[in-house]
1. Would you kindly calculate the mean projected area, averaged across all directions, of the convex hull enclosing the Cα atoms of region 435-665, in square nanometres?
2. Would you rank Trp337, Trp728, Trp808, Trp447 by solvent-accessible area, highest first, keeping every protein chain in place and using a 1.4 Å probe?
3. Pop out the carbon and sulfur fraction of the accessible area of region 289-364 as a percent, whole number, probe 1.4 Å.
4. Contour minus end-to-end for Ser253 and Lys494, with contour as 0.36 nm per residue of separation and end-to-end as the Cα-Cα distance?
5. If you count, for each residue, the other Cβ atoms within 10 Å and average over each peptide, how do 354-362, 547-555 line up from highest to lowest?
6. Which FRET efficiency, nearest 0.05, do Arg413 and Leu275 yield, Cβ-Cβ r, R0 51 Å?
7. Can you give the accessible area per residue of region 435-665, in Å², using a 1.4 Å probe?
8. Please give the contour-minus-distance gain from Ser485 to Leu811: 0.36 nm per residue of separation, less the Cα-Cα distance, rounded to one decimal in nm.
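The values are calculated or read from the model by the stated rules, or taken from the named source; none is laboratory data. Everything numeric in this text was worked out from a predicted model, so none of it was measured. Here the Cβ is made from the backbone with ideal geometry for all residues, glycine too, and neighbour counts use every protein chain on show. Heads up: the accessible areas ignore ligands, DNA and RNA and are worked out on the full protein's heavy atoms, side chains in. Shrake-Rupley method; radii C 1.70, N 1.55, O 1.52, S 1.80 Å.
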Amino acid sequence: MGILEKIADIEREIARTQKNKATEYHLGLLKAKLAKFRQALMEGDSKSGAGKGEGFDVVKSGDARVALIGFPSVGKSTLLSTITRTESSAASYEFTTLTCIPGVIEYNGAEIQLLDLPGIIEGAAQGKGRGRQVIAVARTADMVLMMLDATKGDRQREILEEELESVGIRLNRRKPDIYFKPKKTGGINITSTVPMTKCSEKMIHLILHEYKIFNAQVLFRDDYTSDEFIDVVVGKRVYMPCLYVYNKIDQVSIEEVDRLAHLPNSVVISCNMKLNIDYMLESIWKLLNLICVYTKKRGEKPDFEGGLIIRSNTNVEYVCRMVHRTMVDQFKYALVWGTSVKFSPQRVGLSHVLQNEDVICLMTDDEHRPLLDESGRHHTYTSLNAYITTNDRQTSVGANTTFATGEKLLSGRYESLDYECDESEISHMEEKRLGHQHRRRLVVLKWFIMLLIGICTGLIAVFVDFSVKNLTKFKFSFVQNKLDSCLSEHCLFKPYLTWIGINVAFVLVSSILVLWEPAARGSGIPQIKCYLNGIAVPHVLRLKTLIAKVFGVIFAVSGGLAVGKEGPMIHSGAIVAGGISQGKSSSLKVDLHIFKYFRTDKHKRDFVSAGAAAGVAAAFGAPVGGVLFALEEGASFFNQQLTWFIFFASMVSTFTLNVVMSAIDGHFGDLSSPGLINFGLFKDVPYKWVELPLFIVMGFIGGIFGALFNQLNLRLTKFRHHYINKHWLLITEVLLVAATTVVAAFLLIFLTMNECRPIKTQLELNSPTIQLFCPDGHYNTMATIVFSTPEQAVRNLFHSEIGTYQAWSLLAFCIVYFCLTCWTYGIVVSSGLFIPSLLIGASWGRLFGIGIHTLFPSIYFNPGKYALFGAASQLGGIMRMTISLAVILIEATGDIVLGLPIMIVLTVAKLTGDYFNEGFFDIHIALQSVPFLPWESEVFSSPLSALSVMSTPVMKFKTVEKVDTIYRVLRTETHHGFPVVDHHTDESNDERAGTFQGVILRHQLITMLRKRNFISLNDCLRDYLTMDDFRESYPRHPSIESVYLTDEERELYCDLRPYMYLAYTVSHRSTLPRIFSMFRSLGLRHLIVVNDKNEVIGMITRKDLARFRLTHTKGHTSIEELGILS
């Protein structure tokens, strides 16, 4: 009896055997025998060659292979001709196609090979009608496209499924998760991770014994049937998706079409009428699980034309092997943009799984080439946002706000400032012509400018303080009058709505001003820190920004938001200094032609430092604190003379403020005004050594709360950037914050309406007191805080007597104000964070003091003292400042005795907060993707050399360069500095070579072109430009688009030698720590890398160094490399 007869007998035996508990083992044994004979039949055909046939050997090509299977005359050839470029003959009789005809489907950039196989009939698995050849080809496919005739019911589908099932092709099923491994000894060991209800251990033994297997390890990871276990034992099973395509739907009823379309994995089409073909192609794409990823070379745009077609759940290692078989061995890391990563770009390894439309840049580990790209200066990693842009202006919140997809990017639009001394030939000529007396005149002018900076900053501080006080007084007196009149009439909703209306109106004005000039958003301290670090932040020092900043903060504070006016005062002082020191206004198109010798980035930086310090001095009445603030938080370079200048400007600012405020208060000449913030004097507030541990605990609490505040604000800022990025959404958020602030204040007032205190002390008589529901001669403590300015509220918490505030009311106020402040900072208003932070800390600090007094009632603990320490701790935990903040608080409180406890809590708060995250301003600088250089240089212990970080190749100019060459380079390149080399040519590679001579800046070249400073090669006498020619356009230099040259002028030459300056150079073997130290201490913009022959081989800029960032997270310090947005 042959194999076919045995198979037929077993099939008849299975068909006539009833299926129940008594026969399940018998059926399982029959199925095992059937599978064994079918496998033997297939193997026998393979060895004898019966399964082969001429015309069926088709080379597999494309991204996937689809086998088109069906009965004769169902429309397979017509479908092939419709969706591919291959013509397959079609006729009205059966078996038109006798061999395998390949075609290619082009869909979503993929090439899918479609095989039109001859029609098969019932019994094809036994060899009828060349069925074995057709099925053999189908086993090599990635998917089966089963073509069915919609007019012939479901019988065709059942027959084809049975034929494919009998030869080991499993359609739309997953491979069973069963571990099976034959062994030599040990018997059959069966384990499972789930209860086995479909296949018992006895059944497993019977099946294995039928296959002569008596020693094996079997592990079921799910509940599977005996048929599925047999498939695992046999092993030669193919699992593939199948799409059932019902053709000729134009010949059946609409009800039948609807029934067929709702079957699983089914599509209804009409080849003749070309109905629903697109949906069929989409279904093929989905069932094949194909995705498209795009590749990107370093320094170039992604290749969106030719993507790589891969399967879902494919990792980076597979992509490397697709690119080249040796890529995995050279692989270092990959940069991925897209939905598979949290940040774009993000460094990933070989095991990272890619998703559809990801962009990948493979980085190889090659010691003989730099990490950067050699194809151009734009060598660093580029965000897809640089290539996928829109013209929607509303999505840009501000000129100074450039958020990346995460903090893992640097923005390429920020340029560096030139803090180097000009060492050009024309500069030396000017110094020699003006003489030593000119230098003395410049020093005198500097003192005069510092005087003007201090006076103007002090006057602005007076204006801000006077405006805020009067607007706040008007608002609260108006609301209080409404409140008093409504207490008896029970119409409290009227003052409530009045309060909301006034606050919303004030805040709306502030937000409109910020939308008018987005650079006025926030406190401005991060932008000033960046400027003093050497970064040209757009619009940060403009007159328009000053107007929006001053009036914006007035209306924001008067509108009752949880903001302060001290941070914007620092920004305002810096803008005043930047404008006065130049003697001109680019916005007003006014040039007084004075102070022209200070029109350089180096001099302007010094004046901006003084302006920021003067702003601190005016805000806190702390000139020494202002100097230390500029030193600790801002300036990159300090010397003794600059320190004196800054201290003088701070002193003048405080003096001006005191003089004017004394006149406004009616006691002219009293110069004891403490500044915009009056914390009140702490007199006779001793502390003992036993309290030092308490101060340390408070510092720890402040560090925890500060880190929490920074983290919450960070997440909120990211959310705001992604989802609240249109003007109407931004204004809506501002109005919502203003209304919520009033609601929270009203709730706090009415929840504490019974907390009344008698008006006793002189302090309370001088402070605004709100009676509300209290009896005559008493005031409501919470209403007094809410209806006061933040400065007055801080003063009340510092100096109110014991028992003034209840513990639970302070806790409620602290939580509410903490949340409001965290939400408020970042909306489109001018806002400071100093006073809100102090108020948060003062509330929980006083609560801490009340708790200590409750625990130790016999010992006197002044809660006001602990309110001060809590305020210092909270501010230190958020800002991470120590020296300057300690001096500012000492000067603001007027008590040097409390200096030690303040220093203790500030130090502990900073150390605790640094364990979790960075300071508040540093976090926002990172969010703006600014290439900020930190203080530390020794952190870069990596052995990276100049070759690893430099930009290469570099566009170089000859000392005497053709005008046309300069013009073309400036039109095509955006770089701001170009090395100048002596003019000889390397004949071996036809490149500009020669030793390094100097650096010429972009604005210098544009000025030379605009001034027509050209020569011919035969000229003997030449006219040089002067330094005044380059100063006249500072700081807004013209662009190359403003230059027009004739053809004759393009043929002339420019002599660059008088104008280039002698830049610093480093050897190509220099290490990164040395390079960083030079950049940070000298304030460089460009650093030229030369070889042993003094030939230029690369250039290092700020962005090349800022890519390596030091991060602190939960006590761990690491160095990460960032990508750069073009």
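1. Numbers: hull surface 56.4 nm².
For region 435-665, averaging the hull's shadow over all directions gives 14.1 nm².
2. Working: Trp337 5, Trp728 160, Trp808 130, Trp447 95 Å².
Most to least solvent-accessible, the answer reads Trp728, Trp808, Trp447, Trp337.
3. 43 percent
4. Computed gain between Ser253 and Lys494 is 79.8 nm.
5. By packing density, highest mean first, the sequence is 547-555, 354-362.
6. Using R0 = 51 Å, I get an efficiency of 0.50.
7. The answer is 35 Å² per residue.
8. 114.3 nm
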